[in-house]
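One structure is given below, encoded as structure tokens.
Just so it is clear, none of the values below were taken in a lab; they were calculated from the coordinates. Since the structure is predicted, the reported quantities are computational estimates derived from the model, not experimental observations. Heads up, the Cβs are rebuilt from the backbone with ideal geometry, glycines too, and the neighbour counts pull from every protein chain shown.
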Amino acid sequence: MLKFYSASTRIINTKRCVSECLDSALNEKSISADLLIYNASIGHNYTDILEESKAQFPHADVVVASCCGVVGKEGVSESMKDMGLMAVKGKDYALAEVNDFFGHNAYDKTLAMAKSLQSQKSGINMIYFLGSGIDTNNTDVIAAFEAVFGTEVTIFGATSSDNMQGIVNYQGVNTNVYEHGAFAIGFCDPTLSVHTQATHGFVATGEPMVVTKSKGHIIKELNHKPAWTEYLRHLDLKPDATNGDTIPIGALAEELSEDLAIEYGNKHILRVVTKHQGEDMYYATACPKDTVLKLTIRDEDLIFNEMDRMAADLVEKIGNEEIVSVFHADCLARGRFLFNKVFKEELVAKMQMPFSKNGECPPWLGMYGFGEFARLGGANTYHNYTTALYVITRKV
């Protein structure tokens, strides 16, 4: 039976930051751990995170992903030196990793991880996935996991990020640190379930852009014009703009069916451009020819109102089940005035309060990354620019 413990902090020295998290989550309570899951901002040394964790818990598996800030039960922080930890006690899990994980090979690499998980443990019913957020195809990620485990398995997690520049990101497992890697944790505790949901607060606007040429997750033409130049023109950015310039303001919207729109609280699902190479735009999912895209604007009231609705929906789904932990993936381009920490704290408080008991937040591990996984219409789905919550519960 798995048990979860969490902590988050901000310390410049990476090894001291690790020790602080471990002490707060485990050592002060004299608790051992079998699995240590970290989110750490891009200013940390990821090799040091693995080494210090192994020094204190030699027999534990350790994984880490880079991000642009963390959310824990202690609150939200968005510095270059943030760190969050979810520690897990118990052996009801399997762990797999790959390196050289890109959009063109995402299916094969994910399939290898899925088969590895399946060979290690039976009864896996939920998979925590964390992969590179730059040059990936998450349509293929979902398809590969489902090819092995079926559509019944719930995929949750995120894609790692830097400080929203789209230059470099990291994933680490035990002794290895990757720039284009991925890892997957398959949980098989039969007493646990996971409830997932995502929401954003953006509204589609402006004239549409039509994908007129693409290859997998790479958009080559928009409106029969070179994709990157046309995208920048619609954003009213100069030709020398970087990908980092587009991420906060350049969310692209794909229209949803009427039924999905009602569930989602929005008529569109959003996508991010994770990098560009010449005129080629690298999308986070497959983007076939004739896909219609629109730019978006943030609706501040919608962000907060839909957060309340999502939390209420999850609370209803959970019912009388015991909340044992919450994993959380978020996009930095949310909250009032984008980078205003005061309002980020307000938003995080609103999402954590419904899951707290007697004023105490459950073990919580959140990150600001490039994208989020959560079910939509009963199907595993990849999202961008959302808050996505993954509430793990145990029947009582």
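Of the residues making up segment 258-292, those that are under 20 Å from Phe373 (Cβ atoms) and free of Cβ contacts under 8 Å to residues at least 24 places away in the same chain number 1.
For segment 284-315, filtering for residues that are in a loop (DSSP other than H, G, I, E, B) and either farther than 23 Å from Gly216 by Cβ or among the small types (Gly, Ala, Ser) (or both) leaves 3.
Taken as a whole, the condition of being under 20 Å from the mean Cα position of the chain (by Cα) and either crowded, with 21+ Cβ neighbours inside 10 Å or of a type in the set (Ser, Thr, Tyr) (or both) applies to Ala329. Here Thr242 clears all of (1) under 21 Å from the mean Cα position of the chain (by Cα); (2) over 29 Å from Asp313 (Cβ atoms); (3) not acidic (Asp, Glu) except the condition numbered (1).
The residue that is farthest from Ser77 (Cα to Cα), counting only those in segment 14-34 that are in contact with a strand residue (DSSP E or B) (Cβ under 7 Å, 6 or more places away or on another chain) and polar (S, T, N, Q), is Ser32. For segment 28-49, enumerate the residues that are within 16 Å of Val88 (Cα to Cα) and crowded, with 16+ Cβ neighbours inside 10 Å. Passing the criteria: Ala33, Asp34, Leu35, Leu36, Ile37, Tyr38, Asn39.
Are any of the residues in segment 141-157 within 14 Å of the chain's Cα centre (by Cα) and assigned to a loop (DSSP other than H, G, I, E, B)? No: segment 141-157 contains no residue that is within 14 Å of the chain's Cα centre (by Cα) and assigned to a loop (DSSP other than H, G, I, E, B). Taking the criterion of being crowded, with 21+ Cβ neighbours inside 10 Å and assigned to a strand (DSSP E or B), the residues of segment 158-190 that qualify are Ala158, Thr159, Gln171, Gly172, Val173, Tyr178, Ala182, Phe183, Ala184, Ile185, Gly186, Phe187. Looking across segment 57-98, the residues that are part of a loop (DSSP other than H, G, I, E, B) and closer than 16 Å to His328 by Cα come down to Cys68, Gly69, Lys73, Glu74, Glu78.
Out of the residues in segment 292-312 meeting the condition of being crowded, with 16+ Cβ neighbours inside 10 Å and among the charged types (D, E, K, R), tell me which one is nearest to Pro363 (Cα to Cα). Out of the qualifying residues, it is Glu306. Number of residues in segment 227-259 that are surrounded by fewer than 17 Cβ atoms within 10 Å (Cβ to Cβ) and farther than 19 Å from Gly206 by Cα equals 9.
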